[in-house]
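Comments concern the structure below.
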Amino acid sequence: MPEHKPRIEERTRVTMRAQLRGAGGTCDARILDISSRGLAASAERMPARGDFVEMAVGRRNLVGQVKWVGSQRFGIAFRDRISVIGLMAGEDGPVGLKQRQTASAAASRRAGEAPGVRGRVEFAIFFAAGAVATLYIAHFIYSSLGGSLDELQRALAQSTVKSSVRAQ
């Protein structure tokens, strides 16, 4: 049996009917588990390792390459990452994730940033804005209550003085 690479992410166990299309024609298949990067399935006619296949799930078509074949199962690595939740929910629109991630990475490259730098800069900006807002609110409260606090402090001081005079 060939040595398997460790999985990058966990698979979600499912039982979904599909149509397998490949070099051997079209046949019924059953998806057994799935992740955003691939799936394991069983079919009436097993594809060959290395074949490019298409799995039609409802109105969705998942394209990938067969990476392994066992006696009753095979594994496909998708060409593009997918939204497992979107596929299982039968949502309209594309199930691919690649476009959103690529757009974010491309924006970072255009700005001359390393991946992840943009997120840290945004966090620093939001943190600074929050600190300025907190200081502004604290100043507003202090200036609104400043006179009242001074009067309260004088009243407390006078009552302390009167209490000490009575005690003598």
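The values are calculated or read from the model by the stated rules, or taken from the named source; none is laboratory data. Keep in mind that this is a model prediction, so the values were computed, not measured. For neighbour counting, all protein chains shown are included, and Cβ atoms are generated from backbone atoms with ideal geometry for every residue, glycine included.
Below is a table of values for the structure above.
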quantity	calculated
Any chance Val132 is at pLDDT below 80 and in a helix (DSSP H, G or I)	no
Residues located in the range 41-90, provided they are among the acidic types (Asp, Glu) and over 28 Å from the mean Cα position of the chain (by Cα)	Glu44, Asp51
Tabulated pairs, the range 35-51, first over 14 Å from Arg21 (Cβ atoms) and touching a residue at least 60 places away in the same chain (Cβ under 8 Å), second among the β-branched types (Val, Ile, Thr) and buried (at least 18 other Cβ atoms within 10 Å of the Cβ), C-beta under 8 angstrom, 6+ apart or interchain	Ser36/Ile82; Ser36/Val84
